[in-house]
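Taken together, the values in this text are just the output of simple stated rules run on the coordinates, not laboratory data. These numbers were taken from a predicted model, which means no experiment stands behind them. Cβ sites come from the backbone with ideal geometry, for glycine too, and all protein chains shown count toward neighbours.
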Amino acid sequence: MPTALIIGASRGIGRELVRQYLADGWRVLATARNSDDCAALGAAGAHPYQLDVTSADSIAALGWNLDGELLDTAILNAGVYGPRHDGFPTQDDFDAVMHTNVLAALRLLPVIAPMVAEARGKLAVISSRMASMGARGSASGTLYRASKAALNSVLVDTGIRFGPKGATCVAFHPGWVQTDMGGPGADITPEQSAAGLRATLAGLDAAANGAFLNYDGTPIPW
Ligand code: NDP
C-alpha cells in the first residue's frame, strides 16, 4: 500500500487530497496545526500529526515521528496569502507570509526529501502561477508572489540535492480553486484540483525533477 504525506490538511486543497488518497486505498499521513483538525483527520482514516509549519520545534517533532517512513508521495500544501491590499507591507505581514510559505519549506523539505528519495517517490510543493515571472499578467498580491517565487527556488534546490538520490521534486500551481483562499468565484473545485494534482504526480518520471507545472501537467514558465 503506497504512503502519502500531506502537510496542511485541515481544509481546502490539502483536506481534499487526503480524502482522495484515502478513497484510493493509500496509507495517508496528514498534518494539521490544531488538535480538532487532527482528530477529524484521524476519524477519516488518516494518520494525523500535529504540525505548525512556522514552529521549528514542531518540524523537529514531525521529523522524529516520521523517522523510518518511506514516502511515495509528499505534498507541502500549507500556505497563506497575507494582506489582500498592495499597499505598504508591515514587518508582521512580511514575517507571516515568508515564514509560512518559505522558511517552513527550507526547514521541512530537508526532513521529508530523504524519506521520499528512499521510496523513489514524488515530492511536490503547492506554489502558485502567481509566482511566475515569465507569465505574469498582473501585479496584485506582490508579497504572496514573492513568497511563492522564493518557494519555487527552494524546490529547485531540493530537486538538485535529492533528485539524484531518487526524489522527483516539482512545484505545482493547483489551479484557481474554490477554497477559503481562492474564494467562491474561483475556476475549479478542490475535487478537480486534487484529482488533477494526483493524476499528474502519478504520471511523472524522474525527468520531471525540478519542473513547475499546472495541476493538469502543463509546464508553467518560471
Ligand atoms: P486554504 O486557505 O483553504 O488552506 C490553507 C491551508 O494551509 C490550511 O490547511 C491551513 O491550516 C494551512 N496552514 C496555513 N498556515 C499554517 C501553519 N502555520 N501551519 C500549518 N498549516 C498551516 O488554502 P487552499 O487550500 O486554497 O491553498 C492550499 C495551497 O494552495 C496554499 O499553499 C496556497 O497558497 C496554494 N494556492 C491556492 C490557490 C487557490 O486558488 N485556492 C491558487 C494558487 C495556490 P489552518 O486550517 O490551521 O489554517
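Could you put H173, H47, H85 in order, starting from the residue whose Cβ has the fewest other Cβ atoms within 10 Å?
The most exposed by this proxy come first: H85, H47, H173.
Expressed as a fraction of 2.2 N^0.38 Å, the rule-of-thumb size for a compact globular protein of N residues, what is the C-alpha radius of gyration of the range 85-164?
1.23
Per 0.36 nm of contour for each residue apart, how much would the distance between F94 and A199 grow if the chain were fully extended, relative to their Cα-Cα spacing?
34.4 nm
Between D157 and A207, how high is the FRET efficiency from 1/(1 + (r/R0)^6) when r is the Cβ-Cβ distance and R₀ = 22 Å? Nearest 0.05.
For R0 = 22 Å, the calculated efficiency reads 0.75.
Among bridges DSSP assigns within the chain, what percent are antiparallel (round to 5)?
Approximately 5 percent, going by the DSSP bridge assignments.
The range 1-71 to the range 72-114: how many Å between their Cα centroids?
Centre-to-centre (Cα) distance: 17 Å.
Using 0.36 nm per residue, how much length does the chain from N65 to N34 gain when fully extended, once their Cα-Cα distance is taken away?
Gain on stretching N65 to N34: 9.5 nm.
With a point put 7 Å past each Cα toward its Cβ, work out how far M133 is from R120 in nm, to one decimal.
Going by the 7 Å Cα→Cβ label model, 3.6 nm.
Taking the beta-carbon count within 10 Å as an exposure proxy, list I75, I160, I220 from fewest neighbours to most.
Ordered by Cβ neighbours within 10 Å, fewest first: I160, I220, I75.
Stretch T218-D52 to full length: gain in nm at 0.36 nm per residue minus the Cα-Cα span?
Between T218 and D52, full extension yields 56.6 nm more.
For the range 26-37, just list the computed ³J(HN,Hα) in residue order, Karplus coefficients 6.51, -1.76 and 1.60, θ = phi - 60°, integers in Hz, with x standing in for Gly and Pro.
Values per residue, Gly and Pro as x: 6, 7, 10, 9, 9, 10, 8, 8, 10, 5, 5, 5 Hz.
Karplus couplings for the range 88-102 from phi (6.51 cos²θ - 1.76 cosθ + 1.60, θ = phi - 60°), rounded to Hz, Gly and Pro as x?
4, x, 7, 4, 5, 4, 4, 4, 5, 6, 5, 5, 6, 8, 10
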